[in-house]
Amino acid sequence: MDLLADLNEPQRQAVTCPGGPLQVLAGAGSGKTRVLTYRVAWLIASAGVSPQEILAITFTNKAANEMKERIESLVGPVARTMWVSTFHAACARILRKEAPHLGYMNNFTIYDTADQVRLVRRCLKELDLDIKRFTPKGIHAVISSAKNQLIGPQEFTGMVDGFYDDTAARVYELYQKMLFTNNAMDFDDLIMLTVTLFKAFPERLGHYQHSFRHILVDEYQDTNHSQYRLVNLLGRQHRNVCVVGDDDQSIYSWRGADIRNILDFEKDYPDAMVVKLEQNYRSTQTILSAANSLVCNNSDRKSKKLWTDAGEGEPVRVVAVSDEHAEARFVAGEVNRLRGEGIPPGSVAVFYRINAQSRVLEDIFVRYGIAYRVVGGTKFYERAEIKDAIAYLLLIDNPADSVSFMRVINSPKRGLGQAAVTALAGYAGSEGITHLEAAARADRIAAIRPAARKSLKAFQALITDLAAATASSPVAATIEAMLAGSGYLDMLKAERTIEAEGRIENLQELVGVAAEYDQRAVGGSLRGFLQEISLYTDVDKLAVEQEAVTLMTMHNAKGLEFPAVFIIGAEEGIFPHSRSLEEQNLEEERRLCYVAMTRARRRLYFTHATTRNLYGGRSYNMASRFIEEIPARLTRVEAEPGTRTVSGGHYGKPVTPVPDAGSAAGTFFHAGDNVVHAAFGEGVVTRVEPGGGVTVRFSRDGSERTLMVEYAPLKKV
DNA sequence: GGTTATGCTATTTTT
DNA sequence: TAGCATAACC
Ligand SMILES: Nc1ncnc2c1ncn2[C@@H]1O[C@H](COP(=O)(O)OP(=O)(O)OP(=O)(O)O)[C@@H](O)[C@H]1O
């Protein structure tokens, strides 16, 4: 069987394990994901397991799609009926069928984090609590972590004490009630309610236990308790549970992930077969040794061997720069240099600790003309206009959804004030009807003025009409009709600003996404579309655009690999982040560093800046302790000219100056260059000034301005 | 009731 | 710094 030809011996052993509990605990790049993928393929192709009997769990939707594709390429289209998804998506799929058992409707809405926090805020207000003291975010975090522990509202109330937690418990109860009346669930509910369902309806559990003959979980080190329980319940009958992971790569404890899940697997399944993988197929020996030395500073870990036959490779480069601009310029210059070494920009990734760090990088990349794409950050689906549009669609699909109703009832402005909306909500509550139904009966609500009544009724009619039309029209058409009919598009057009144009473009992109869905999904529906995008994040659409540098947080980098990796902002306070230090999470930060480093195949860089602007203030940071945890023999330490380090010479090695990456104005702009400025438009360089300035004459108004190259949003054309 | 301004605040990581 | 929420104002 040629499936097995792509595997080494221990991998083959894991892949062909006939059944029973199986654990693969192994270091980075040792082929764990490959094992999982091939095991699924093998089960289908050689063990007579039907694809429908397989449940494979991945960490992101993107990883799920990749795995599906890979399996399909190994065993053919039969693979399409497998369940390969995230925990959340799998549970959502189960609950779409089973929700009525729990009193929810099948078309429940899934609230994203912002919706959840908004709902908590509403609960706090309803209970007349001090929002300053009990911040919606804080309370939400408490509720979320309770749910991750499978602690429902009543149970939570019963077990906590102390004023804060008691208050949180009251909010939790109301919050859960509100979700229920809105026919909505939050992310954590997806898992918790699935477990609840299985506990309350054993025959439903039996059904799924029976149908999932094999359960496989990737990135098992980042599962939380509720997910653990779920796997445990589902796997009870066949006991064909295969988990794959690396305790050193557990980086989501703040989201409830519990490293004990993987460490205790053998306790839960004493008969488990345990396979170790020790050959790394990704990185050079230098990178591996560096990462390993680093992570050895953690206690409480299962030590793992890891070797490679890829050779020594280049030293890890550690570069000191003066500030974040110099840092970005260094990276940009290096990206250009790497091209010459056969590493195109598409093979380069830049990782940072916090999203805010991407800004400067983007600025400089634009100026250098380097293509890049940012993964994560302000996400497409979190933009206000997209959320508004989706809220309309959700309301069309689920008239009971009061959060969506509230979101869009006055955007665009419909002449409804606080008073009218409150009266409407009150009426809906007392009559036990939805907000939308209440809008239809606006005439009966005394507190609402005639003009407002009229627009409420019009709104209700709009939504109802759109809902009636959805069955017979493609999703894209529904969205277009909604944008036009609601006046949303007109509102943006009337604004006549750059931002509004951008928003219109975003909405067009949404229509595009829907059109793509219409084409692809046979028997597609508005509901299907909404369900698909409700669990969708930007990481999932990380398209393999060639030639663009990838910018993302280290968390997003999990599971990926790149020939060259830059880890920027390697400074105390940033990485490790000061907040993590406060919370005693140094070891998790170190694991994050380990994950980031082991994404690199051949080249690895750390940069740290003496000073940087962050949150509006200037800070001076020492180089990250993580840098010092890498043995000096594996690194090459350098400093850009003019860089002074904070603590001075704490490296074990003399510092070699690095040639300037080309920041001087002269190297970038020449008299006669055509340029474009973000605010002033197109122009031409008339003079290059000493000291990093250029004089540009702008064609728009004929003005001449002298600009500092370092700061001006100026680009060659 | 709507608009605008100012005033605040919170800024880690995300399915 | 910027993004949001509330307050003052029209
Ligand atoms: N037997 C093998 N022969 C050749 N290449 C392999 C083999 N096994 C894995 N690889 C390659 O090694 C790389 C890492 O594999 P994979 O992503 O499965 O590892 P992993 O253990 O899941 O990594 P991580 O935990 O770091 O995300 C991939 O490029 C994969 O194609």
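A simple rule links phi to the HN-Hα coupling: the Karplus curve 6.51 cos²θ - 1.76 cosθ + 1.60 with θ = phi - 60°, which for the range A:469-485 gives 7, 4, 4, 9, 10, x, 4, 4, 5, 4, 5, 4, 4, 5, 4, 6, x Hz, with x for Gly and Pro. If the segment from A:Ala114 to A:Asp165 were pulled out straight at 0.36 nm per residue, it would be longer than the present Cα-Cα gap by 16.2 nm. For A:Leu614, the residues 5 or more places off, or on other chains, whose built amide H falls under 5 Å of its own are A:Ser619.
Projecting the Cα atoms of A:His207, A:Pro344, A:Ala570 onto the charge dipole of chain A, computed from C-beta unit charges around the Cα centre, puts A:His207 farthest toward the positive end. Normalising by the residue count of chain A, find the relative contact order in percent from Cα pairs under 8 Å and 6+ residues apart. Here the relative contact order equals 16 percent. Here A:Glu516 sits with roughly 90 square angstrom of accessible surface, probe radius 1.4 Å.
Around A:Trp307, with a cut-off of 15 angstrom between Cβ atoms, what is the net charge of the other residues, counting Lys and Arg +1 and Asp and Glu -1? Neighbour charge sum, excluding A:Trp307 itself: 0.
Defining a contact as two alpha carbons under 8 Å apart and six or more residues distant in sequence, what relative contact order in percent does the range A:109-182 show?
Computed over the range A:109-182, the figure is 32 percent.
With R₀ set to 22 Å, the beta-carbon distance separating A:Ser299 from A:Val274 gives a calculated FRET efficiency near 0.50. Between A:Val319 and A:Phe606, A:Thr607, A:His608, A:Glu638, the built amide H atoms are under 5 Å apart, and every one of these is 5 or more places off in sequence or on another chain. Heavy atoms of the protein chains alone define the surface here; on that basis chain A has 43 Å² accessible area per residue at 1.4 Å probe size. Our estimate of slack between A:Tyr381 and A:Gln154, defined as 0.36 nm per intervening residue step minus the Cα-Cα distance, is 78.4 nm. Each residue of the range A:330-341 was assigned a 3J(HN,Hα) from its phi angle through the Karplus curve 6.51 cos²θ - 1.76 cosθ + 1.60 (θ = phi - 60°); the sequence is 4, 4, 4, x, 5, 4, 5, 5, 5, 3, x, 9 Hz, with glycine and proline shown as x. What is the calculated FRET efficiency for A:His210 to A:Phe180, with r their C-beta to C-beta distance and R₀ = 41 Å, to the nearest 0.05? Working from the Cβ atoms, E equals 0.90.
In this simple spin-label approximation, A:Arg255 and A:Asn410 carry label points 7 Å from Cα along the Cα→Cβ vector, and these lie 3.4 nm apart. Measuring only protein heavy atoms, the 1.4 Å probe finds A:Lys125 accessible over about 130 Å².
When the alpha carbon gyration tensor of the range A:219-302 is reduced to an equivalent ellipsoid, the three semi-axes, largest first, read 27, 16, 11 Å. With all pairs of separate Cα atoms included, the range A:109-182 yields a Kirkwood hydrodynamic radius of 12.1 Å. When the convex hull of its Cα atoms is viewed from all sides, chain A shows a mean projected area of 34.5 nm². Heavy-atom accessible area with a 1.4 Å probe sorts A:Met406, A:Met105, largest first, into A:Met105, A:Met406.
Quick check on my link table: of A:Lys97/A:Lys457; A:Lys68/A:Lys199; A:Lys62/A:Lys125; A:Lys267/A:Lys558; A:Lys132/A:Lys454; A:Lys177/A:Lys558, which ones sit more than 32 Å apart, alpha carbon to alpha carbon?
Table pairs above 32 Å Cα-Cα are A:Lys97/A:Lys457; A:Lys62/A:Lys125; A:Lys132/A:Lys454; A:Lys177/A:Lys558.
Here chain A carries DSSP beta bridges of which approximately 35% are antiparallel, counting only pairs with both residues inside. Largest first, the residues A:His210, A:His577 sort by 1.4 Å accessible area into A:His210, A:His577.
Computed with a 1.4 Å probe over protein heavy atoms only, the accessible area of A:Cys17 comes to about 10 Å². The simple Förster model, with R0 at 45 Å and r as the Cβ-Cβ distance, assigns A:Tyr620 and A:Ala469 a FRET efficiency of 0.15.
Using a 1.4 angstrom probe on heavy atoms only, work out the carbon and sulfur share of the accessible area of chain A in %. For chain A, the apolar C and S fraction of the accessible surface comes to 51 percent.
Sorting A:Val685, A:Val274 by accessible area puts them as A:Val274, A:Val685; the probe is 1.4 Å, largest comes first, and only protein heavy atoms count. Site pair A:Asn8 and A:Arg133 shows an inter-label distance of 6.0 nm when each label is modelled 7 Å from Cα along Cα→Cβ. Overall, chain A carries a charge dipole of about 520 debye about its Cα centre when +1 sits on the Cβ of Lys and Arg and -1 on the Cβ of Asp and Glu, all other atoms neutral. Here the dipole of the range A:109-182 is about 300 debye; that uses its Cα centre as origin and unit charges on the Cβ of Lys and Arg (positive) and Asp and Glu (negative).
The values are calculated or read from the model by the stated rules, or taken from the named source; none is laboratory data. This is a predicted model, so every value here is computed, not measured. Positions of Cβ are generated from backbone atoms using ideal geometry, with glycine treated the same way; all protein chains shown enter the neighbour counts. Side chains are part of the model used for accessible areas, which takes the heavy atoms of the whole protein and leaves out ligands, DNA and RNA. Shrake-Rupley method; radii C 1.70, N 1.55, O 1.52, S 1.80 Å.
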